[in-house]
Amino acid sequence: MQLLKPFRNLKLPIKFLIVTGFLAMGLLSLGLNYYQTIQLEEGTLERNQQLSTLSSLVDSVTIDVLEARGYQKDYQFQQQAAMVDNFDESMSLADDAIIAVEYFLRTDDDRKLVDAIQQRLLDYQDEFHKLVDLKASQADKKQAVSEHIETLIKAMEPLMGRFFAIKQDYQAKDKLIFDAEKSIKLRLFLGSVTVMVIALVATFFILQFGVLRPVAVIQNTVRKISAGDTEVRSRLSSSDELGELATTLDNLLDERIQALIQKQRENDAINTSIIRMIQNVFMLSQRDLTVILPVEEDVTGAIADSINQLTESIKAVLENVRVVAEKVVDTSNQVKEQSSSVTQSASEEQQEIEETLAELEQAIETMQLISELAQVTNETSLKAINTTENAEESVSQTIASINKIRTTINDAEKKIKRLGERSQEIGGIVKLLDSFSSRTHLLAMNASMHAASAGVAGKGLMVVVEEVQRLAENSSEAAAEIEELVNNIQQETADTVSAMNAVITNVVEGTQLAGQAGERMQQTRLSTELLVDSIQRIARYSVAQTAVAEQLRFRAVSIDASAHSTYEKMSEQTSLSADLVWAAEELQAAIGVFKLS
């Protein structure tokens with residue numbers, strides 16, 4: 001704690017500046033650690049990407065060379081031009097991949113190895129194309145070229161093995177680099193954390209012993225003073241702002257305690273004067289206005305003098321109020337008696353108005369009933385006129401319909417008579433058909449006799465004769481049926497004509513009766529119109545009389561409302577007069593309890 005003592009006397013801005021410096025140093029170390037970590041991560045990521053690309057290119061070169069080797073062998077067996085194209089394509093891809101690999105190589109030995117492989121591949125391609133260019137008759141040369149190709153392949157195999165090992169070598173080196181960078185990141189992290197912890201610890205001690213603890217001491221002092229402990233002090237000895245604040249607070253408390261002691265002495269003297277004043281005021285509260293308060297030299301003297309002046313003013317006012325209250329009591333009694341008399345008269349007038357209004361209501365109801373009956377009778381008469389007119393119109397239509405029926409029946413009678421005449425003509429035609437069938441029958445019999453005498457030659461004629469004879473028989477039967485039907489029609493026609501004659505007679509009689517009914521309906525309509533005119537006049541007079549009665553009732557209601565309002569106002573005035581009398585008596589009684597002299 002002795003080490004932190006110099007920090008206590010530092011000013012608060014310097015303390016906060018030191019704390020900020022420690023925190024900034026810790027944050028700076030964390031930032032540098034983070035930046036270095038990002039740099040290492042980016043380097044690792046770039047190496048991984050390069051190694052991945054290198055591995056893909058190495059695999060591509062190996063695969064392309066193997067494919068070219070396969071195409072070369074296929075060509076030696078099959079001698080197809082497509083194999084040459086495939087070989088060239090595979091070797092072209094291998095050349096491109098080898099050129100791309102050179103970008104990712106890290107040592108000169110690796111570059112020399114790739115150059116050697118590239119040269120071997122070029123020699124391999126040249127030898128293959130020599131083999132392709134040789135003709136079939138040059139078998140010895142082909143054999144020599146093939147052997148040379150095999151020699152190149154065998155010489156290239158260890159180079160390809162070393163080429164493939166480059167990938168594994170780079171992977172091992174990257175693993176070592178990654179482990180080294182991991183160790184570096186761990187050391188950086190531990191270093192930055194250590195710096196940050198040191199900064200936080202220093203910040204904690206500076207804030208705790210230089211700011212927070214003095215603030216807590218001052219708060220505790222203020223809390224105890226609020227609880228009533230006037231002897232407590234902060235006693236801080238530091239020379240910073242908080243120490244100065246604590247010293248000022250202690251000095252202020254000392255001055256405040258001295259002022260409170262002096263104030264207590266003055267309060268004791270004032271309390272004595274106030275007690276004597278309270279005793280005199282208590283006597284005033286007992287309605288004894290003759291009491292005079294003693295005037296002291298302290299602050300209570302002005303209050304006592306003011307109370308004495310107020311007491312004298314109240315005595316004068318109460319004396320005047322007592323005189324006025326006596327006059328108010330006398331006047332209120334007179335007003336109360338007059339209000340009772342006026343209220344009685346208003347009540348009697350209101351009762352008479354209500355009786356008149358009730359009789360007028362009965363008269364209005366009677367007039368309204370008469371008016372309603374007249375209106376109902378008027379409506380009924382109008383309906384009777386309409387019914388009579390409709391009946392008259394129906395009778396006219398009935399007469400017209402009967403005349404149409406009579407005309408129709410006459411026409412039907414004529415047509416039926418003509419039908420009878422036509423049936424007689426049909427009877428003549430039937431007799432003609434009967435005569436024709438008889439002659440046909442005789443003709444058929446004669447023809448059959450001639451056919452029988454003709455022997456075999458007359459068989460065909462015999463068939464025709466039989467058909468003609470059968471036709472004659474059918475015609476005879478049909479003629480008999482038609483004749484019977486015509487006789488029936490003639491008989492029914494005669495009966496129908498007789499019935500129509502009887503109907504015509506009845507229609508004529510009905511037409512005469514309908515005409516008489518129409519004349520009587522017209523007489524009834526005229527009588528009903530006279531009755532309706534009289535009823536309408538009665539209804540108009542009744543409505544006018546009802547309106548006059550309504551006006552009288554409205555005026556009577558207004559008079560009744562005015563009388564009722566007058567009665568209510570007078571009742572309220574009587575009640576108010578009684579209240580005024582009671583209030584004046586209470587005022588007089590209240591003033592009487594004061595001792596004024």
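The values are calculated or read from the model by the stated rules, or taken from the named source; none is laboratory data. All values reported here derive from a predicted model rather than from experimental measurement. No Cβ is skipped: glycine too gets one built from the backbone with ideal geometry, and neighbour counts run over all protein chains shown.
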Next on the checklist: Considering only the stretch 219-226, I want to know if a residue exists there that is at pLDDT 80 or above, closer than 24 Å to Gly31 by Cα and exposed (fewer than 14 other Cβ atoms within 10 Å of the Cβ).
Outcome noted: no
Checklist entry - What are the residues in the stretch 152-211 that are over 30 Å from Leu122 (Cβ atoms), polar (S, T, N, Q) and loosely packed, with under 15 Cβ neighbours inside 10 Å, if any? => result Ser183, Thr194, Gln208
Item to check | Tabulated pairs, the stretch 483-497, first at pLDDT 75 or above, second of a type outside the set (Phe, Trp, Tyr) and surrounded by 13 or more Cβ atoms within 10 Å (Cβ to Cβ), C-beta under 8 angstrom, 6+ apart or interchain | outcome: Asn487/Gly427
Checklist outcome for this item: From the option list Val215, Val201, Val211, Val195, single residue qualifying as within 16 Å of Gly21 (Cβ to Cβ), without any contact (Cβ under 8 Å) to a residue 40 or more places away in the chain and in the same structural domain as Glu41 (by TED's automatic domain parsing) is Val201
Item to check | Leading residue by the ranking (nearest to Leu105 (Cα to Cα)) among those in the stretch 171-192 that are touching a residue at least 24 places away in the same chain (Cβ under 8 Å) and of a type in the set (A, V, I, L, M, F, W, C) | outcome: Ile177
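One line per residue, one yes/no per condition, for (1) in contact with a Cys (Cβ under 9 Å, 6 or more places away or on another chain); (2) at pLDDT 75 or above; (3) surrounded by 16 or more Cβ atoms within 10 Å (Cβ to Cβ):
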| residue | (1), (2), (3) |
| --- | --- |
| Gln523 | no, yes, no |
| Leu526 | no, yes, no |
| Gln545 | no, no, yes |
| Leu552 | no, no, no |
| Ser565 | no, yes, no |
Checklist outcome for this item: Those residues of the stretch 171-203 which are among the hydroxyl-bearing types (Ser, Thr, Tyr) and modelled with pLDDT under 85 amount to Ser192, Thr203
Item to check | Qualifying residue in the stretch 308-316 (condition: in contact (Cβ under 8 Å) with a residue 60 or more places away in the chain and β-branched (Val, Ile, Thr)) | outcome: no
Checklist entry - Restricted to the stretch 123-151, and to residues that are within 17 Å of Gln79 (Cβ to Cβ) and small (Gly, Ala, Ser), which residue is surrounded by the most Cβ atoms within 10 Å (Cβ to Cβ)? => result Ser146
Item to check | Residue within the stretch 246-263 that is surrounded by 12 or more Cβ atoms within 10 Å (Cβ to Cβ), in contact (Cβ under 8 Å) with a residue 40 or more places away in the chain and outside any loop (DSSP other than H, G, I, E, B) present | outcome: no
Checklist entry - What helices (runs of 4 or more DSSP H), lying completely within the stretch 1-118, carry at least 2 residues that are more than 30 Å from Leu190 (Cα to Cα), over 60 Å from the mean Cα position of the chain (by Cα) and aromatic (Phe, Trp, Tyr)? => result 12-78
Item to check | Residue ID - surrounded by the most Cβ atoms within 10 Å (Cβ to Cβ), chosen from residues in the stretch 284-304 that are modelled with pLDDT of 75 or more and assigned to a helix (DSSP H, G or I) | outcome: Ile303
Item to check | Residue check for Ser192: of a type in the set (Gly, Ala, Ser) and in contact with a Ser or Thr (Cβ under 7 Å, 6 or more places away or on another chain) | outcome: yes
Checklist outcome for this item: Every listed condition ((1) exposed (fewer than 14 other Cβ atoms within 10 Å of the Cβ); (2) modelled with pLDDT under 75) holds for Glu349 save (1)
Item to check | Residues being exposed (fewer than 14 other Cβ atoms within 10 Å of the Cβ) and among the polar types (S, T, N, Q) - total across the stretch 19-55 | outcome: 5
Item to check | Selected residue [surrounded by 15 or more Cβ atoms within 10 Å (Cβ to Cβ) and hydrophobic (A, V, I, L, M, F, W, C)] from Val281, Val324 | outcome: Val281
Checklist outcome for this item: Taking first residues from the stretch 224-245 that are over 14 Å from Arg213 (Cα atoms) and second residues anywhere that are part of a loop (DSSP other than H, G, I, E, B) and at pLDDT 75 or above, the pairs with Cβ under 8 Å that are 6 or more apart or on different chains are Lys224/Val232; Ile225/Val232
Checklist entry - How about the stretch 82-103: which of its residues are surrounded by fewer than 19 Cβ atoms within 10 Å (Cβ to Cβ) and either touching a residue at least 24 places away in the same chain (Cβ under 8 Å) or farther than 29 Å from Glu46 by Cα (or both)? => result Ala82, Val84, Asp85, Asn86, Asp88, Glu89, Leu93, Asp95, Ala100
